[in-house]
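This report concerns only the one structure given below.
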Amino acid sequence: MVCLTVIWLKFRKKESTDILLYTGLFVAILASFLDMIGVFLGLWEYRYEVFPLTHNYFPWDLFLLPISIMIILQIKPNMNPFIKGIIYAGFSSFIGLPLLTWLDIYKPIKWEYIYSFPILVIIYLAAHYVSLRNQFEKV
C-alpha cells in the first residue's frame, strides 16, 4: 500500500490532485460500505488485523482500491471507460482477490470471485463519472 501511494504521489497529474482525491474519497466510502455489508452478511471475512480498533478491511478500502483507481483513471484518460473498468475489475477479481486469499488475508465464505467482477466494474465506472465532475463553485 505504501508503494502504491508513493507511485500515485510521484506520477499523478498535479493539476488534477483535487478531483482525484475527491474521486478517491468517493471510492473509499463506497467500498467501505459494500465491504461492511458483505462482512455483516457473512459472505466473506478478513483474517488479518492491520490496525487495532478498526475493521479489518480498512486498509483495502481506504488505500488499495481508491489509489489503484486514481492511478488507472490517469492512464490513457481518453480510453473507453468500459474497457478500463473491465480490465480493472478482471485484474482485481481474478488476480487480486485470489492473491489475498492465498496470503490468508481474505476468506470468501458464500462468495465467488466472479461476483466481484460486475461490482468492481460499476465502482470503476462510478469513479470515472465522479472524476469528470467540474461543477464546483468557489468557496
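Some points to look at:
- Set Asp61, Asp104: member being closer than 20 Å to Leu34 by Cα and either in contact with a Ser or Thr (Cβ under 9 Å, 6 or more places away or on another chain) or not hydrophobic (A, V, I, L, M, F, W, C) (or both): Asp61
A quick yes/no check of all residues on (1) touching a residue at least 24 places away in the same chain (Cβ under 8 Å); (2) on the phi > 0 side of the Ramachandran plot:
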residue: Lys76; (1), (2): no, yes
residue: Met79; (1), (2): no, no
residue: Lys84; (1), (2): yes, no
residue: Gly90; (1), (2): yes, no
residue: Lys107; (1), (2): yes, no
residue: Ile114; (1), (2): no, no
residue: Pro118; (1), (2): yes, no
residue: Ile123; (1), (2): yes, no
residue: Arg133; (1), (2): yes, no
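- Pairs where the first residue, in the range 16-32, is surrounded by 19 or more Cβ atoms within 10 Å (Cβ to Cβ) and the second is at pLDDT below 95 and outside any helix (DSSP H, G or I), C-beta under 7 Å, 6+ apart: Leu20/Arg12
- Qualifying residue in the range 39-52 (condition: in contact with a strand residue (DSSP E or B) (Cβ under 9 Å, 6 or more places away or on another chain), farther than 17 Å from Val130 by Cα, modelled with pLDDT of 85 or more and of a type in the set (A, V, I, L, M)): yes
- Which listed residue is in a helix (DSSP H, G or I), surrounded by fewer than 18 Cβ atoms within 10 Å (Cβ to Cβ), aliphatic (A, V, I, L, M) and at pLDDT below 95, from Ile83, Ile67, Ile71: Ile71
- Answer residue from the range 95-127, given it is charged (D, E, K, R) and assigned to a loop (DSSP other than H, G, I, E, B) and is nearest to the chain's Cα centre (by Cα) among those: Glu112
The values are calculated or read from the model by the stated rules, or taken from the named source; none is laboratory data. Just so it is clear, the structure is predicted and the values come from calculations on it, not from any experiment. With ideal geometry, Cβ positions are generated from the backbone for all residues, glycine too; neighbour counts draw on all protein chains shown.
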